[in-house]
Structures are given as C-alpha cells and as structure tokens.
1. Within 10 Å of each residue's Cβ, count the other Cβ atoms and sort Ser199, Ser111, Ser67 from fewest upward.
2. Phe93's amide H: which non-local residues (gap 5+, or another chain) put their own amide H closer than 5 Å, with H modeled 1.01 Å from N in plane and none for Pro or chain starts?
3. Which ³J(HN,Hα) values in Hz, rounded to whole numbers, follow from the phi angles of segment 198-205 under the Karplus curve 6.51 cos²θ - 1.76 cosθ + 1.60, where θ = phi - 60° and Gly and Pro get x?
4. Which of Val241, Val153 has the fewest other C-beta atoms within 10 Å, and how do the rest follow up to the most?
5. Which net charge results for the neighbourhood of Ser67, defined as the other residues with beta-carbon distances under 13 angstrom from its beta-carbon, given Lys and Arg at +1 and Asp and Glu at -1?
Amino acid sequence: MKQALLSVIIICFNFVAFAQIATLSGRITNINGQAMDGATVSIKELHRNTMTDEKGRYEFKGLKFGSYTILITSVVAETKIQMVTINTANQTFNAKVKEKVDRDLQEVSVSGKTEKRKMETSGFAMSIIETKEASLRNLTTNELLDRAVGVRVRQNGGEGAPIEYNLNGMSGSTIGIFLDGIEISTYGSSFNLNNIPPSMIERIEVYKGVLPSHLSGNYIGGAINVIMKKDASANNITAAVSYGSFNTYRADIGALYRNDKNGFTARASGFYSHSDNNYEMWGKFSKYTLPGGRIVRNYRIKRPN
C-alpha cells in the first residue's frame, strides 16, 4: 500500500512539473488587421526575442508559468509594451500595433574624410602636400616643398648641388628624408628629392616633430616622407619633358601593365635631369682682382655652378 501511494505521489509531481512549461504564440497585426512581417517580439525578463513571419505569427517555447513583459518593435510601427500572464500550457497573445506616419526627408547629409584629412587629424603635427597641381605647372619637388608652411629648402648651386631642408628652424641631421618609408640615404649620396618628378609622386607627408612608428630614426626635427604613385587599376603610359635656363631639362616616363586574367602587374618608371651647371656672368657685381690689388669691374667670366 505504501509503495502504491508513493508511486502515485511521484506521478502527480511529474505531471505538475510538466504542466508548468508553456508555449506562447500569437499574431501581430496593424490597426487594419494586416500582418506585420519582420516585427521583433521580445520577452524582456528572459532576454529572448523572435521575429514574425510573413503572416505575422510568432512563437516562444519552454516558458514557465508567470507574468512577462512583451515588447513589440518594428521599423514601420510604433513600439508596444504589454504584460502577459501565462497560466496554460498553450498561451495565445495577439496584438495590434500602430504604423508610423510616413515622413519626407528634408535633407540627407553624408560626410567623410579624405586620406589627407585623416592623416592630418591623426594626432601628429604634420601636413600633406598634394602634387597634382605641381605636375601641371612644371614645378620641381623641392620648389613644391619650399612653398609649404614651415619648410625651407636651400640649395647652394645648380643641378646636383647639395640641398638642405629646414623644418621649423631645424635642419641637417635632425631632419629625416624618406621615400615610401625608406630612408633616402639607402639610394646613395647623389640621390635627392629633386630627382623625382612631381608627376610620379602621390603625396608628400611633412612631419614637424614626433614621427609615427613606421618612420624609423632619431630625427627630433621632423621628417619628409615622399609617397610614390602605386595605382594599378588600368594600363597607362605617362611622360613629361621640361626645359629651363642654363640648358636645364628634365624628362620622366612611367608605364604600368596589368593582366586582368591572371593579375600579373608590371610597373616601370624613370627620369633624367641635365644642366650645364655653368653660365656666363657680367655686370657691376662681376669683378676681377688683378695682382697688386687692382680691381677690374664689369668683367665677363664663365662661372661654374
């Protein structure tokens, strides 16, 4: 008798425990009774959510009996909050939501930053020199740098003469010169920025003070980093020739080929600079001192540069 009574009690407890698990389902519609497809139905206390199907139906399984806060949201309808008490194994909760009134957008604003602006606002004291205008006006790289704020370029002589860069009053070994992040001294002592035509340069980064991590070296005065063009989007050939005083001329050519089928890319570029580096001068400031200290003015002479 005791064993039978115990079995009955266990069966009753199992039945009661099973009956405490319920399913909540229903349908979400608008005021006119049309199904709300894609609406989100959430149970706030359990952090559970689901979405309605094309007929506006939803379902939650495995819920315990009790009261829950139901949150209904949609991009086309106003948010609705409703308390629901679950006390049966299959609880139904239908709801109607009010659709949002259509509104016309008066203005759409899309903003972004160019690569130049991103770098200038990155936290470093720097400026970006764009070379597009220089390539059209036949300016040299050093002439372009000399026009930048806080940058001075001094050259003692003509083509090939030593060049000194000054950033905010500091010059010499305190200034680093880089080409695509590589120190320019790697290319030899005769190589300088004036050898590179602006048409082959994408931009020039001028750092005045602290340098970013990708530019190595102990340069307390700052650095100049020249970024070359690397566009490989289309096949092209570019060439430019310029001529100036003292029989100075410069020529540069660049070519790019890309095979769209296998991705093979080849790029070649070169430049040539020439100047007589000497010229004839005369005038009141041209003078020659003869033995004995006698000075001959307006002396015509060829001066090496």
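1. Ser111, Ser67, Ser199
2. Correct list: Ser25, Gly26, Arg27.
3. Each residue's phi maps through the Karplus curve to give x, 5, 9, 9, 7, 6, 10, 9 Hz.
4. Working: Val241 11, Val153 20.
Ascending number of Cβ neighbours within 10 Å: Val241, Val153.
5. Details: positive: Lys44, Lys64; negative: Glu45.
Net charge around Ser67: +1.
No value in this document is a laboratory result; all are computed from the given coordinates. Source: prediction; values computed, not measured. Backbone-built Cβ (ideal geometry, glycine too); neighbour counts: all protein chains shown.
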